[in-house]
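The values are calculated or read from the model by the stated rules, or taken from the named source; none is laboratory data. Since the structure is predicted, the reported quantities are computational estimates derived from the model, not experimental observations. Ideal geometry is used to build each Cβ from the backbone, glycine not excepted, and the neighbour counts take in all protein chains shown.
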Amino acid sequence: MDAAGRFRTLWEEAWLPNIAPDAGMLIACYRHPSRHYHNVTHIVQCLEVLAAYEGGGGGTVPADVRLAVFYHNAVYDSMRKDNEEASARVAKEAISPWLPEARVRKIEQLIQVTSHLIVPILPEEQLIVDADLSILGMPSNMFDAYEVAIRREYAWVAEDKYRLGRAAILRNFLNRAAIYSTQWFHGQYEAAARVNLERSLARLGEAVRTS
């Protein structure tokens, strides 16, 4: 099933059968040529790891979390500092006609926490953040492809500045007591994520020393 089909199925199962916001414009955002990582593939990957979480005994994934996944990168511009806030506004505009105000606010908060500026506390926030960060613990070839894609999204940044900035971001995750907050994601991805991050930091450090 494609991303638009997944969206319609989620909406109809969780809320209003036969009535749903048009997913066409949302999916089009993710298919913009500038999206090398933050694209439809990323959304589907997040949904698939959440399905694995459910199937693997992690627990039930609330529909609000899955809907927030669809909108969490609706706006993505590597030159902006407010992508998550802007994405939350897109979600609010799209879903407010159908959902209660309290639920809309909740979905907005779930989107905003994917900025990864703080460690999530609430269970549903932990779940969406862990899904968003699951790429860090994927097999090395997938992680390396992710790193290449991120660099392409920041092609406008000078190489030396990119290396320093990227190293700071990765080091921030590595310095946390735990990268993943939920028991299931921690068990699945924590060890591999730390290996991947250390390996990427070593490459970035070597590149800085030889540039």
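How about region 102-116: which of its residues are among the basic types (Lys, Arg) and without any contact (Cβ under 8 Å) to a residue 12 or more places away in the chain? Across region 102-116, the qualifying residue is only ARG105.
For region 85-104, filtering for residues that are farther than 17 Å from ASP22 by Cα and exposed (fewer than 14 other Cβ atoms within 10 Å of the Cβ) leaves 3.
For region 129-139, indicate whether the set of residues that are assigned to a helix (DSSP H, G or I), at negative phi, of a type in the set (S, T, N, Q) and in contact (Cβ under 8 Å) with a residue 24 or more places away in the chain is non-empty.
yes
Residues are listed down the side, and each one gets a yes or a no for (1) β-branched (Val, Ile, Thr); (2) surrounded by fewer than 19 Cβ atoms within 10 Å (Cβ to Cβ):
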site: LEU110; (1), (2): no, no
site: LEU127; (1), (2): no, no
site: ASP130; (1), (2): no, no
site: ILE135; (1), (2): yes, no
site: ARG151; (1), (2): no, yes
site: TYR154; (1), (2): no, yes
site: ARG171; (1), (2): no, yes
site: ALA177; (1), (2): no, yes
site: GLY187; (1), (2): no, yes
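Report whether or not VAL113 is at pLDDT 95 or above and either among the aliphatic types (A, V, I, L, M) or not in a helix (DSSP H, G or I) (or both). Spelling it out, VAL113 is indeed at pLDDT 95 or above and either among the aliphatic types (A, V, I, L, M) or not in a helix (DSSP H, G or I) (or both).
Can you find a residue in region 190-197 that is charged (D, E, K, R), out of contact with any Leu (no Cβ under 8 Å at 6 or more places or on another chain), at pLDDT below 95 and not in a loop (DSSP other than H, G, I, E, B)? No - not one qualifying residue is present in region 190-197. Hey, any hits in region 139-161 for a residue that's over 17 Å from the mean Cα position of the chain (by Cα) and β-branched (Val, Ile, Thr)? There is at least one residue in region 139-161 that is over 17 Å from the mean Cα position of the chain (by Cα) and β-branched (Val, Ile, Thr). Apart from one condition, GLY55 fits all of (1) buried (at least 18 other Cβ atoms within 10 Å of the Cβ); (2) more than 22 Å from GLU147 (Cα to Cα); (3) of a type in the set (Gly, Ala, Ser); the exception is (1).
For region 198-208, taking the residues that are modelled with pLDDT of 95 or more and either in contact with a Ser or Thr (Cβ under 9 Å, 6 or more places away or on another chain) or of a type in the set (Asp, Glu) (or both), the one that is farthest from ILE169 (Cα to Cα) is identified as ARG199.
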